[in-house]
Each structure stands twice: as C-alpha cells, then as structure tokens.
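Below is one structure, written out as structure tokens; comments come after it.
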Ligand SMILES: [Zn+2]
C-alpha cells in the first residue's frame with residue numbers, strides 16, 4: 001500500500017492571533033503600552049496611558065471609553081486599524097471655530113495696523129502690523145492645534161506627553 005501523502009496544512013502565521021480577552025496587545029492610542037483585560041470585565045486597559053477600551057469580540061474591535069471622542073480600532077490579527085468614521089469626526093462646527101480662533105485675531109491685528117498706520121515708516125521695511133499679525137497667526141495656530149490634539153487624544157500628542165512625563169519624573 002502506497003503511503004498517502006499528507007496534505008499540507010495551512011500554516012497560521014505565528015504573529016496572527018485573534019482578539020480575545022486573555023491576550024495582551026500593543027496599545028493603539030499611546031503606541032507605547034500594552035492593553036490587557038481588566039479583571040472580571042469585558043474591557044481592556046493600557047498600563048501606560050491608563051485608557052480603558054470596550055471590546056467587541058464578534059467584530060474584533062475596541063473603542064476607547066474614557067475619551068470625549070470614542071475612537072475605535074479594528075484588530076487585523078497583527079495590528080490595529082483605526083476605524084475612520086469615528087476617528088474623523090472633526091465636525092464642521094469645530095472646524096469653523098478653529099478657523100475663527102486662528103484667523104480672527106490675526107485679521108484684527110492686521111486691520112488695526114492697516115487702518116492706523118504708524119506715522120513714520122521707512123519705505124521697503126516690513127510694516128510692524130504685518131509682522132505682528134503673522135506672529136499672532138502662528139501663536140493662535142499652535143494653541144488651536146494643541147487643543148485639537150489634546151481633545152482627540154492623537155497618538156502623536158500622547159506619545160509626546162508620555163515622553164515629557166518620563167523625562168520629567170524618571171530622569
Ligand atoms: Zn496606552
């Protein structure tokens with residue numbers, strides 16, 4: 001009797017693993033810590049950034065619960081993939097308010113310099129009002145972008161905050 005050749009079994013990639021509460025995964029928010037299940041709950045928590053995530057096992061998704069914007073991620077088996085509709089909920093109202101906070105002060109400063117120009121200014125010199133309006137625009141842009149990054153808990157912002165915290169307290 002001829003030996004029956006064994007059928008090659010489909011090899012699972014070593015790194016592929018489904019989302020389950022018994023395992024631990026890289027934190028999708030701070031990218032530095034690890035999320036693992038909270039005792040007796042169906043939630044994951046990061047030991048580094050302390051965020052808590054609800055778990056949707058059938059859809060292999062998690063969603064941050066302790067943030068104003070409930071960002072979500074889908075587990076691909078190897079890594080997290082951000083769920084776009086929730087992550088991009090930068091509403092039109094917030095966009096308008098951010099635009100006003102950036103543009104209005106700089107416009108008012110420029111308008112003041114335009115309506116009431118200095119009595120003596122040498123030709124070819126950059127008017128002080130334009131320079132001051134530019135500085136106002138840059139300063140307000142930084143503040144608004146910082147607020148948005150903080151509100152939406154952007155990973156870049158969280159990573160920077162964690163690095164700053166480590167530098168301050170662990171060095
Ligand atoms: Zn984290």
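Things to note:
- Selection from region 48-63 of residues that are in a loop (DSSP other than H, G, I, E, B), touching a strand residue (DSSP E or B) at 6+ places or on another chain (Cβ under 6 Å) and within 12 Å of the ligand (Cβ to nearest atom): 51
- Residue pairs whose Cβ atoms lie under 8 Å apart, separated by 6 or more positions or on different chains, with the first residue in region 92-113 and farther than 22 Å from residue 147 by Cα and the second surrounded by 12 or more Cβ atoms within 10 Å (Cβ to Cβ) and at pLDDT 95 or above, are 109/136.
- Tally of residues being within 16 Å of the ligand (Cβ to nearest atom), without any contact (Cβ under 8 Å) to a residue 24 or more places away in the chain and farther than 16 Å from residue 158 by Cβ across region 24-43: 5
The values are calculated or read from the model by the stated rules, or taken from the named source; none is laboratory data. Bear in mind the structure is a predicted one, so any value in this text is a computation, not a measurement. Heads up, the Cβs are rebuilt from the backbone with ideal geometry, glycines too, and the neighbour counts pull from every protein chain shown.
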